[in-house]
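Here, each number is a calculation from the coordinates, and none is a lab measurement. Small disclaimer: the values here were computed from a predicted structure and weren't measured. All Cβ positions, even for glycine, are placed from backbone atoms using ideal geometry, and neighbour counts span all protein chains on display.
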Amino acid sequence: MNKKTVKDIDLKGKKVLVRCDFNVPMDENQKITDNTRIVAALPTIKYLLENNCAIILCSHLGRPKGEFKPEFSLKPVAKELAYLLGKEVIMANDVIGEDAKTKASNLEQGQILLLENVRFHKEETDNDSAFAKELASMAEIYVSDAFGSTHRAHASTAGVAKFLPAVSGFLIEKELKFLGNAISNPERPFVAILGGAKVSDKIGVIDSLLEKVDTLMIGGGMAYTFFKAQGYEVGNSICELDKLDLAKDLMKKAEEKGVKLMLPVDTKVGKEFKSDTESKTVAWTEIPAGWEGFDIGEETIKQYREELQKAKTVVWNGPLGLFEFDQFAVGTNSIAKALAEIDATTIIGGGDSSAAVKKIGLEDKMTHISTGGGASLEFLEGKALPGIECLLNQ
């Protein structure tokens, strides 16, 4: 994972194509509701400006499935980026069409051009070589800075690297540093916290982490599959009946590897899937029929917090309960607060766990919050990420 960055290549005065992750949430009026991903791209863009580059930015937004849909236009992103930089951002009306090519050709040093949503072309997700070549033809150097898309072998994330010298921006450099060190050289004790709904989403990452961590904490919906695998009833809780043997195998592997596998000892259950449903806390062995587990209980929080006090490296991916509902956000929020207080490297692996940390305003207390949910999971799993593999080695 020792890849060249923008600092390792002569960029001065060059025309540079940058793949950003501007896949930002918007409301029904096309107003951006969270600009975190745009802000994350600023250090690389500013560095390129300092080097008098002509900058061509590209990104996807949503899933328009290969056709133009105005609600997925990047025009609001151009406006927000211009505001954040205090500088004009020229907007292209297409990706590799006449407007984009003309504007790219006329682009001068110190100017910024944003291409339209690359996913308006199905060739993007097909990693079509001819499309990638057209995209690459507008620039002299390719900079990859969209970590959240590096697990996809798409034309703008991997294909263009066949036609241009390819290096990473500062965002990807930071992701590789923190996630890479956590996996290959963690300060110990190394604790991983895994939540989320399904074991099937995390099989690979649990298996991989059992080779590396000292303690693995399980929470969220997938805990109930582990309970059921031990022969206990889980009421109406989410449970993958076809993954019971797998859960048993993972528990056995943890034991064989000497990994402390921590499962909830109590759980907060509700009568129905509603924010104001009747709820109570019960032992994990006593989930009543007709009730559904929605959060870890107070004793589990206490035990997890105590274990985290000893940690020196923590990786967390996936909420520990139904954090969208306040009464079932207690476990997730408590663990986030525990991580904010400990003297350790704390890495939040994107997706819902990042959203939970931001929701309670603790993002500044974490060492690193990953911008890529799926990408960070696959990285932790040890999978090769096409958008990283294609970059030049040091």
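Let me test this: with uniform point scatterers at the alpha carbons of the range 178-381, what is the Debye-based log₁₀ I(q)/I(0) at q = 0.11, 0.15 1/Å?
Results for the range 178-381 at q = 0.11, 0.15 Å⁻¹ read -0.45, -0.86.
For the pairs K46/K198; K65/K312; K198/K280; K198/K274; K79/K359, flag any whose C-alpha to C-alpha distance is greater than 32 Å.
In this structure, K46/K198; K65/K312 lie more than 32 Å apart at Cα.
Run through the range 8-78 and list the GluC sites (Glu not before Pro) located in a DSSP loop whose Cβ has at most 12 other Cβ atoms within 10 Å.
E28, E67
Out of the GluC sites (Glu not before Pro) in the range 151-227, which ones are loop residues according to DSSP with at most 12 other C-beta atoms within 10 Å?
Answer in residue order: E187, E211.
If each of L84 and F68 carries a label point 7 Å out from its Cα toward its Cβ, how far apart are those two points in nm?
Between L84 and F68, the simple spin-label model gives 2.7 nm.
Of all trypsin sites (Lys or Arg not before Pro) in the range 205-246, which ones are in loop regions per DSSP and have a Cβ with at most 13 other Cβ atoms within 10 Å?
When the trypsin sites (Lys or Arg not before Pro) of the range 205-246 are filtered for loop state and at most 13 Cβ neighbours within 10 Å, nothing remains.
Just need the relative contact order of the chain here, percent rounded to a whole number, with Cα pairs under 8 Å and 6+ apart.
17
Top mean-square fluctuation among M26, M138, M251, Gaussian network model of the chain, C-alpha springs under 10 Å?
M26
Percent antiparallel among DSSP beta bridges with both residues in the range 1-160, to the nearest 5?
Restricted to the range 1-160, the bridges split so that about 5 percent are antiparallel.
Looking at the range 251-394, send over the antiparallel percent of its DSSP beta bridges, to the nearest 5.
Bridges in the range 251-394 that DSSP calls antiparallel: roughly 60 percent.
When a/c is below 1.5 the answer is rounded, else prolate if a/b is larger than b/c, else oblate, so apply that to the range 6-170 with a ≥ b ≥ c taken from the square roots of the Cα gyration tensor eigenvalues.
Since a/c stays below 1.5, the shape of the range 6-170 is classed as rounded.
Beyond 23 Å, what percent of the Cα pairs of the range 254-347 remain?
29
What distance in nm lies between label points placed 7 Å from Cα along the C-beta direction at E28 and D245?
That separation, rounded to one decimal, is 4.9 nm.
If contacts are Cα pairs under 8 angstrom and at least 6 residues apart, what is the relative contact order of the range 206-277 in percent?
With pairs under 8 Å counted, the relative contact order is 38 percent.
Where the centroid of each part is defined by its Cα atoms, how far is the range 42-114 from the range 279-349 in Å?
About 41 Å separates the Cα centre of the range 42-114 from the one of the range 279-349.
Return the single residue from S156, S144, S237 with maximal mean-square fluctuation; model: Gaussian network over the chain, springs between Cα atoms under 10 Å.
Top of the fluctuation ranking is S237.
In the chain, which longest range has no chymotrypsin sites (Phe, Trp or Tyr not before Pro) that are both DSSP loop (not H, G, I, E or B) and surrounded by at most 15 other Cβ atoms within 10 Å?
Free of exposed loop sites, the longest segment is 69-231.
Of K268, K65, K14, which is the most mobile in a GNM of the chain whose springs link Cα atoms less than 10 angstrom apart?
K65
If you line up the Cα atoms of the range 1-56 on their principal axes, what length do they span on each, largest first, in Å?
For the range 1-56, the Cα spread along each principal axis is 42, 28, 15 Å.
Express the relative contact order of the range 1-147 as a whole percentage, based on alpha carbon pairs under 8 Å and six or more residues apart in sequence.
33
Mark the label point 7 Å from the Cα of A153 along Cα→Cβ and return the residues of the range 91-130 whose backbone N is within less than 15 Å of it.
Only 124-130 pass the distance filter.
How large is ³J(HN,Hα) for each residue in the range 137-144, as worked out from phi by the Karplus curve 6.51 cos²θ - 1.76 cosθ + 1.60 (θ = phi - 60°), to whole Hz, x for Gly and Pro?
Once θ is set to phi - 60°, the couplings for the range 137-144 become 5, 7, 9, 10, 9, 10, 10, 9 Hz.
For Rg/Rh (Cα atoms, Kirkwood Rh), which listed value, (i) 1.02; (ii) 0.94; (iii) 1.18, comes from the coordinates shown?
Derived directly from the coordinates: (i).
Pull up the DSSP beta bridges for the chain and report the antiparallel fraction as a percent, rounded to 5.
Around 25 percent antiparallel, to the nearest 5.
Amide H neighbours of I193 under 5 Å, at least 5 residues apart or on other chains, H built in the peptide plane: list them.
The list, which skips near neighbours in sequence, is M217, V315, W316, N317.
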